Amino acid sequence: MIFTGTLPAFWRSDVPAKASQPTLTFAKRVAYQRVIEEVYWGHRIWPKERPDPKPSLDTVMPQAQLEKKVADYLRKSHVLEDYWQQPLTAEQLQAEMDRMAKHTRQPEVLHELFDAMGSDPFVIAECLVRPVLAERLFRSAMAPQYASQAVGQPINFAKANRARFRGYTLPAIAASSKEGSTCNDAWGGITTSNAPTGRYAHTTVWTGSEMIVWGGFNGQMTFFNTGAAVK
């Protein structure tokens, strides 16, 4: 028996196709890295005593160097995840993006960076925030004698290409990081008397009046259960 005409509703599939989410390949990351460097280079002052004109970005930063920068932060991200079981989470990236927007000392530059990346919070989180956060956490987690070995590890490009949108929110950029701040950009020395032993991967907390340092290890697998409070 052959039926013609419109299929009954219970025979039709009304389920919409799953919307594809944006992903970032290595090539796309390199392209965005160039966009970021263009903004930074545009704000770099060329010395007046130089008789030659300011060169283009391509002259001072070739494609190979852009690729090296991207490979570096991806490699450090993977080392944190695979060797230290400290993957960069969406919550961490969002928090760092919020911190940048709230405390930047150059809001006009950050506005340009956001605009250059289409004000896309996913792209900003992955291409502007991830490099900064990966570098900071990598340095705090890795002892110097192991860091050079870790950065020599190969990159898992398949994993890098799987970065997907995770519901990031674009934060508002503060007019000035100095508004409402008690910081006067002045540095002062502190006493080293009773200072804690030098360490890595420790926990640091600022209470508003003092800094508390606790735990960590000395880079030779000796872990500390000590710390100190510094005012």
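Of all residues in segment 67-84, at least one satisfies being at pLDDT below 90, hydroxyl-bearing (Ser, Thr, Tyr) and closer than 23 Å to Ala141 by Cα.
Residue pairs whose Cβ atoms lie under 8 Å apart, sitting 6 or more positions apart in sequence or on different chains, and linking a residue in segment 192-218 that is over 22 Å from Gln86 (Cα atoms) and outside the structural domain of Leu80 (by TED's automatic domain parsing) to a partner that is at pLDDT 75 or above and in a loop (DSSP other than H, G, I, E, B), are Pro196/Phe224; Pro196/Thr226; Thr197/Phe224; Thr197/Thr226. If you check Gln153 against the conditions, is it surrounded by fewer than 11 Cβ atoms within 10 Å (Cβ to Cβ), at pLDDT below 90 and more than 17 Å from the chain's Cα centre (by Cα)? Considered against the rule, which asks whether it is surrounded by fewer than 11 Cβ atoms within 10 Å (Cβ to Cβ), at pLDDT below 90 and more than 17 Å from the chain's Cα centre (by Cα), Gln153 comes out as no.
Restricting the search to segment 84-101, which residues are surrounded by fewer than 14 Cβ atoms within 10 Å (Cβ to Cβ) and more than 14 Å from the chain's Cα centre (by Cα)? Passing the criteria: only Gln85.
The single condition from (1) modelled with pLDDT of 75 or more; (2) surrounded by 14 or more Cβ atoms within 10 Å (Cβ to Cβ) that Ala141 fails is (1). Among residues belonging to segment 20-78 that are part of a loop (DSSP other than H, G, I, E, B) and of a type in the set (A, V, I, L, M), point out the one that is surrounded by the fewest Cβ atoms within 10 Å (Cβ to Cβ). Selected residue: Ile45.
State which residue is farthest from Ala201 (Cα to Cα) when the search covers only segment 80-127 and only residues that are of a type in the set (S, T, N, Q) and part of a helix (DSSP H, G or I).
Gln94
Beta carbons closer than 6 Å, at least 6 apart along the sequence or on distinct chains, pair a first residue in segment 99-113 that is farther than 19 Å from Thr169 by Cα and modelled with pLDDT under 95 with a second that is surrounded by 13 or more Cβ atoms within 10 Å (Cβ to Cβ) and not aliphatic (A, V, I, L, M) for Arg105/Ser177.
The values are calculated or read from the model by the stated rules, or taken from the named source; none is laboratory data. Not measured: the values here are computed from a predicted model. Neighbour counts are summed over all protein chains in view; Cβ atoms, including those assigned to glycine, are modelled from backbone coordinates with ideal geometry.
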